[in-house]
Amino acid sequence: MAESVPVVLASASPRRLELLSRIGIPATVAPADVDESQRTGEPAEEYVARVALDKALCVAPRFLDSAVLAADTAVVLGDKIFGKPVTPQQALAMLQELAGQTHCVMTAVVVLGPVPDLSSAEAERPRYACLEKAQVTMVAAETSELDWYVSSGEPMNKAGSYALQAMGAALVESVIGDPTTVIGLPLRSSIRLLRLAGVRWP
C-alpha cells in the first residue's frame, strides 16, 4: 500500500490544527501571509474561496510533495461580511449586531495535491475545493453579557467575534449544519478533499 501523503496546514489557526489532530491527521503548520481584504462588490462565496486558494498557493511552493490544506471562514448577515475584529470596541459592535439574529457562516477549503512530477517545474498540482455553510442563531444577549465576553479577549482574531467551541457557545442558541464549518474547518469535506490528494484516513 502506498504511503500517505504528508499534510501541510496553511494556517496559523490553532482551531484548525486541533480539529485535524482530533481525527488523527498530523499536519505541518505553515501560516500563509496573504491579503485577506474583501474586494469591492465581491460576493461572500467568491471572497472566501479566493482567500483560501491564495493561502494554499502562497505556501505550496515550499512543500512540493505534500497536500497543502487551506481554509477561510466568513460570518455573513444579510449582505454584510463580519471579519475579525481589530479592537474590543469593534468586537462588541459586531456581537451587538449579530445578537438575536440568524446568520450564515461559510468556510471555503482548498487542497493542493503534491506536484505529480518533481522533475518538472511546470507540472501543475491537482486542485480540490469545496464551500460549506451553516446557519447560526445567536441569543438576544444583554449588553452586560456581551461586555463580559469581550473582556475575556476571546472574540479577538475570530470571524464574527465569537468562538463556538469555547466561551462563545454561551451566546449561541442553535446551529443548523456542521459545527466544524463554524469553527473553521468542515471535517467531513476536508477529509474527502485530502483523500483525493493522496492522504490516507483513517
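The values are calculated or read from the model by the stated rules, or taken from the named source; none is laboratory data. Because the structure is predicted, anything quoted here is derived from the model rather than measured. Note that each Cβ is placed from the backbone with ideal geometry, even for glycine, and that neighbours are counted across all protein chains shown.
Scan the range 7-41 for residues that are of a type in the set (Asp, Glu), surrounded by 13 or more Cβ atoms within 10 Å (Cβ to Cβ) and either part of a loop (DSSP other than H, G, I, E, B) or over 14 Å from the mean Cα position of the chain (by Cα) (or both) and the total you get is 1. Residues that are surrounded by fewer than 21 Cβ atoms within 10 Å (Cβ to Cβ) and of a type in the set (S, T, N, Q) were ranked within the range 64-119; the one that is nearest to Gly198 (Cα to Cα) is Ser119. Which of the residues belonging to the range 149-202 are basic (Lys, Arg), surrounded by 15 or more Cβ atoms within 10 Å (Cβ to Cβ) and closer than 30 Å to Asp65 by Cβ? If the condition is that a residue be basic (Lys, Arg), surrounded by 15 or more Cβ atoms within 10 Å (Cβ to Cβ) and closer than 30 Å to Asp65 by Cβ, then Arg192, Arg195 are the ones that fit. Val7 satisfies every condition listed in (1) at pLDDT 95 or above; (2) under 20 Å from Thr181 (Cα atoms); (3) in contact with a Gly (Cβ under 8 Å, 6 or more places away or on another chain) except (3).
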